Every structure is written in C-alpha cells, then in structure tokens.
Amino acid sequence: MIPFNKPYLTGRELHHISEAHARGQLAGDGHFTKKCNTWLEERTGCHKALLTHSCTAALEMAAILADIQPGDEIIMPSYTFVSTANAFVLRGGVPVFVDIREDTLNIDERLIEPAITSRTKAIVPVHYAGVGCEMDTIMAIASRHNLLVIEDAAQAVMATYKGRLLGSIGDLGCYSFHETKNIISGEGGALLINNPAFAERAEIIREKGTNRTQFFRGQVDKYTWVDIGSSYLPGELIAAFLWAQMEESDLITASRLKIWNDYHESFQVLEEAGRLRRPVIADDCVHNAHMYYLLLADLAERSAFISCMLKRDIRCVFHYVPLHNAKMMIASHLPPALLPVTESVAACLVRLPLWIGLNHDLVIEAVLDVSNISG
Ligand SMILES: *Cc1c(COP(=O)(O)O)cnc(C)c1O
C-alpha cells in the first residue's frame with residue numbers, strides 16, 4: 001500500500017537529540033531552539049521568529065497579539081484547517097468567511113473589501129498548498145482599513161510571493177512543522193513577527209504571561225506575571241529534531257518539487273482531454289511542492305477515483321470540509337455564508353501521495369489508467 005504521507009527523516013535527528021540531551025537543558029529556548037529561530041529570521045527576513053509547539057499555537061498567539069475581543073470579526077477563507085478560525089473563536093472572535101479563487105483556491109481578494117465592517121480586526125490569508133495569496137492587494141486593503149494581516153503560512157514554508165518568503169509579509173506569520181508538512185518535527189510550528197510592535201508582547205505571551213525572556217537577557221532583575229499568556233514554546237528535543245530538517249530544507253524542497261513537476265507534466269494530457277484540472281501557480285509565486293491535487297468533475301467522480309486508486313493500493317485523500325458548513329459554525333447561528341467555489345472545490349478536490357522516497361511513477365501510471373477507465 002502506498003500511503004498518502006510518509007514523514008521524511010534526514011538521519012541527523014537523533015544525533016541532534018542526543019546532543020540536546022548531553023547539553024542537559026531540555027526545556028524550551030535552549031541551544032537548538034535558538035538555532036531554529038535564527039535560521040527562520042535569516043531565511044525569511046522577519047523581525048523575530050519564535051518556535052511554538054504547533055501552527056495552531058502560533059495562530060492563538062497571533063489572536064492574542066491582535067487583541068481580539070468578543071464580537072470582533074476576522075476575514076478568512078472557509079476552505080482551510082479548523083485552527084485558522086478556532087484560534088480567533090477562542091478569544092470570542094467571529095470568523096467571516098469569504099470565497100476562494102477558482103484558480104489558486106486561495107482567498108478571493110476581490111471579496112475581502114465588501115466583507116469589512118466596523119468590527120473587522122484582521123485578515124487571515126491562507127496560502128493553500130504553499131501557493132501565495134495575492135499579498136500586495138491584501139496588504140493594501142489592510143492598510144486602507146487599518147486591519148492586521150496574519151498569514152496562515154502553515155503549508156508555505158520556503159515558498160515565495162514576488163521573491164519574499166510567505167509568512168514574512170503580513171504583520172504576523174504562522175508556520176507548521178507537523179509531520180504532514182514539508183519540514184517537520186512531529187508537532188511543531190513558529191510565529192514570525194514582521195511588525196516589530198508585537199515582538200516584546202509575543203515573548204511574554206509565549207512564556208505564560210511572564211517577562212521570563214527579558215529576565216534571561218538580563219533586562220529585568222526578576223521575572224513576574226505581566227500579561228495573559230500560555231505555554232507555547234516547544235522543548236529542546238523537538239527543536240533538535242527540527243534543526244536536522246532545517247539543515248536539509250533546500251534538499252527537501254527540491255526533492256518534493258521533482259515529484260510535483262513530474263505529476264504536473266504527466267497529467268497535462270488529462271487536463272487537455274477535459275478529464276480534470278491541475279493546480280494553478282500564480283505568476284508571482286514560487287511554491288514549495290507541499291501538495292499535489294487534482295480537481296475532478298464532481299463528488300461522484302472523486303469518490304470513484306479514490307476507490308479505484310485504493311484498489312491499486314494507492315491512498316489518495318480529499319481535503320477540507322469547509323468551515324462555514326461545519327457543525328461548530330452551524331451551532332453558532334450566524335447567517336449562512338454562500339461560498340460556491342469553496343463548496344465545489346471541497347467536493348471535487350483529491351490529493352495525491354507526495355513524499356520523499358515515493359515511487360511516484362506508480363502513482364502516475366495509476367492516475368492515467370484510472371482516468372481513462374472512468375471516462
Ligand atoms: C496544518 C495546518 C494548520 C495547523 O498546523 P498545526 O501545526 O498542526 O497546528 C493550520 N492551518 C493550515 C492551513 C494547515 O494546513
């Protein structure tokens with residue numbers, strides 16, 4: 001059976017973990033955490049990077065930093081992972097869902113301005129499949145209306161928009177190192193602080209609402225409870241693991257791109273025959289091969305595709321149940337959102353296995369075979 005995902009190991013993870021053990025400091029913000037934070041700062045050009053224990057944690061920190069109050073509205077796509085919305089809902093915020101573009105499946109920037117009200121606090125672009133949203137337009141809208149931009153760049157590590165790393169463009173950016181992402185530590189994430197105004201408070205929120213980080217830098221002579229916060233920092237073992245992945249990040253991206261490009265070339269004939277639609281990469285974007293998806297005609301065709309692939313021992317999977325249709329939103333009694341592109345994509349999209357070490361020729365062969373039979 002070819003699984004949908006298989007975490008890639010560089011072979012250096014255990015070496016770094018044993019070094020962390022030998023150093024004798026296993027809590028957060030030690031040697032390896034600092035290496036990872038510095039790598040992120042140097043790579044992305046962000047003002048400050050802070051490792052977190054997940055992208056969810058980074059989004060929660062962003063919601064606190066954005067000072068979300070009950071009733072504040074946050075504009076985001078519905079076609080995303082629950083944490084994009086949940087981080088704000090935890091603070092009493094109300095997600096306002098807008099539809100996605102038919103080409104990139106990212107938030108449709110033309111629909112953002114009409115969704116802004118006097119309660120709107122922030123825009124959360126999600127870079128689906130590691131392909132950048134229309135960030136220039138989004139940043140211009142945000143500055144016209146005095147809104148924050150928090151990038152959910154969970155899938156977008158190492159991908160760029162107009163030469164800038166995704167996650168480094170908005171006020172804040174959130175990365176994931178979950179084992180299903182490109183660069184991994186099992187569970188893991190980072191908050192990128194691009195707007196320096198948030199840097200000091202971010203350290204405090206991450207350290208349980210204390211100024212412990214300033215204390216360790218010698219800026220204050222004792223540390224104490226100064227703000228709300230939680231424990232958002234990973235231990236050193238996670239950071240040591242992650243460092244091995246960061247060291248190999250260019251190779252990881254290149255290996256994934258090779259598979260992605262082979263898929264893309266091989267399925268061109270199917271697109272030309274009108275059988276399916278392949279991903280669209282916006283001109284201004286360099287993606288990171290986080291995901292390869294196909295858009296089929298409808299739900300029935302997708303179900304048939306998934307089961308035909310499974311018969312060939314290849315596991316393909318659909319993606320999000322749109323958040324505006326989820327049980328949690330229905331229970332909130334907010335007026336239902338009408339998001340036709342989101343609903344169509346949710347029904348028609350299927351993701352193919354994409355991992356380092358995959359014999360992707362087998363997948364290509366099966367997709368070509370299945371697509372001919374089902375037509
Ligand atoms: C994976 C993912 C998350 C959550 O990441 P975790 O590190 O698992 O918390 C959030 N948003 C998007 C778009 C994701 O793909």
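Brief remarks on what is shown
- For the range 79-95, taking the residues that are of a type in the set (Gly, Ala, Ser) and crowded, with 18+ Cβ neighbours inside 10 Å, the one that is farthest from the chain's Cα centre (by Cα) is identified as GLY93.
- Among the criteria (1) buried (at least 21 other Cβ atoms within 10 Å of the Cβ); (2) out of contact with any strand residue (DSSP E or B) (no Cβ under 8 Å at 6 or more places or on another chain), the one TYR161 does not fulfil is (2).
- Selection within the range 143-158: residues that are over 14 Å from the mean Cα position of the chain (by Cα) and not polar (S, T, N, Q). The member of this set that is most open to solvent (accessible area, probe 1.4 Å) is ARG144.
- Residues that are open to solvent by 50 Å² or more (accessible area, probe 1.4 Å), away from the ligand (no atom under 16 Å from the Cβ) and charged (D, E, K, R) within the range 185-218 comprise GLU200, ARG201, LYS208, ARG212, ARG217, listed in sequence order.
- Failed condition for TRP243, given (1) buried (at least 21 other Cβ atoms within 10 Å of the Cβ); (2) touching a His at 6+ places or on another chain (Cβ under 6 Å); (3) farther than 26 Å from GLY11 by Cα; (4) not small (Gly, Ala, Ser): (3)
- ASP99 being at positive phi and either away from the ligand (no atom under 16 Å from the Cβ) or among the small types (Gly, Ala, Ser) (or both): no
- Residues of the range 219-240 satisfying the condition of being surrounded by fewer than 15 Cβ atoms within 10 Å (Cβ to Cβ), within 16 Å of the ligand (Cβ to nearest atom) and assigned to a loop (DSSP other than H, G, I, E, B): SER230
- Out of GLU271, GLU301, GLU265, sole residue that is assigned to a helix (DSSP H, G or I), among the acidic types (Asp, Glu), outside the structural domain of SER185 (by TED's automatic domain parsing) and open to solvent by 70 Å² or more (accessible area, probe 1.4 Å): GLU265
- Candidates THR52, THR80, THR117: the one that is of a type outside the set (D, E, K, R) and away from the ligand (no atom under 12 Å from the Cβ) is THR117.
- ASN182 satisfies every condition listed in (1) in a loop (DSSP other than H, G, I, E, B); (2) crowded, with 24+ Cβ neighbours inside 10 Å; (3) near the ligand (Cβ under 10 Å from one of its atoms) except (3).
- From the options LEU251, LEU191, LEU233, residue that is of a type outside the set (D, E, K, R) and closer than 23 Å to ALA140 by Cα: LEU191
The values are calculated or read from the model by the stated rules, or taken from the named source; none is laboratory data. Everything numeric in this text was worked out from a predicted model, so none of it was measured. Neighbour counts are summed over all protein chains in view; Cβ atoms, including those assigned to glycine, are modelled from backbone coordinates with ideal geometry. Note: accessible area is taken over every heavy atom of the protein model, side chains too, but ligands, DNA and RNA are not part of it. Shrake-Rupley method; radii C 1.70, N 1.55, O 1.52, S 1.80 Å.
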